[in-house]
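Shown next, in structure tokens, is the structure this report addresses.
The values are calculated or read from the model by the stated rules, or taken from the named source; none is laboratory data. These numbers come from a predicted model, not from an experiment. Because the Cβ atoms are built from the backbone with ideal geometry, glycine has one as well, and the counts that use them run over all protein chains shown. These accessible areas exclude ligands, DNA and RNA; they are computed on the full protein's heavy atoms, side chains included. Shrake-Rupley method; radii C 1.70, N 1.55, O 1.52, S 1.80 Å.
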Amino acid sequence: AVATLAATRPTAINLRWALDRLSANLRQVQPGERFARAFAEAGRIAEEDVASCRSIGAHGSRIIADLHRARGGDKPITVLTHCNAGWLATVDWGTALAPIYAAHEQGVPVHVLVDETRPRSQGAALTAFELNGHGVPHTVIADNAGGHLMQHGQVDLCIVGSDRTTASGDVC
């Protein structure tokens, strides 16, 4: 079961980590007790994830708010996103979208440019869905448009999810 679930998203390090944690937790448990133990451990993982993502949102929203103030506070901060790293990918807040949600809730005006994210259209199908549900103004753009918009100074900030981030800050 672990191998099957891990194969559904091989680049998602948090999925692999959670499966490894559950597997280690259940290895010595009798089969009849595994469901209850797995359910309880999954609940702990979910609560830890909510707290972690809420913290990402709190820290990131300060950056967005500071940028808004530094730019005079007269227009929304335009944020470019790529892929999906919201509450559909994690729990409640998401990772990369958490600062956007937190800033929006704090009254900082943001407008999100959502890359469609080919070939799976995660941005167009998932990120736009989430932002719409949260009431965050956004526009879905073709993947190629992001670079063009940045070249022309129409992007204030770029926030993306990362499957892997090294200690030196390199991402993939």
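Numerical summary
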item: From the options Arg54, Arg37, residue that is of a type in the set (D, E, K, R) and touching a Phe, Trp or Tyr at 6+ places or on another chain (Cβ under 6 Å); result: Arg54
item: Qualifying positions in segment 79-100 - on the phi > 0 side of the Ramachandran plot and either open to solvent by less than 10 Å² (accessible area, probe 1.4 Å) or under 8 Å from the mean Cα position of the chain (by Cα) (or both); result: Gly94
item: Selection within segment 128-157 - assigned to a helix (DSSP H, G or I), touching a helix residue (DSSP H, G or I) at 6+ places or on another chain (Cβ under 8 Å) and within 14 Å of Leu113 (Cα to Cα); result: Leu131
item: Positions within segment 128-172 being open to solvent by 70 Å² or more (accessible area, probe 1.4 Å), of a type in the set (S, T, N, Q) and within 17 Å of the chain's Cα centre (by Cα), in sequence order; result: Asn132, Thr165
item: Conditions (1) open to solvent by 20 Å² or more (accessible area, probe 1.4 Å); (2) closer than 21 Å to Glu130 by Cα; (3) modelled with pLDDT of 95 or more: number failed by Ala70; result: (2)
item: Residue list for segment 1-39, filter: in contact with an Asp or Glu (Cβ under 9 Å, 6 or more places away or on another chain), open to solvent by less than 60 Å² (accessible area, probe 1.4 Å) and not in a helix (DSSP H, G or I); result: Ala12
item: Qualifying position, being in a helix (DSSP H, G or I) and open to solvent by 50 Å² or more (accessible area, probe 1.4 Å), among Ala125, Ala103; result: Ala125
item: Breaking point among (1) modelled with pLDDT under 95; (2) under 18 Å from Cys53 (Cβ atoms); (3) part of a helix (DSSP H, G or I), for Val160; result: (3)
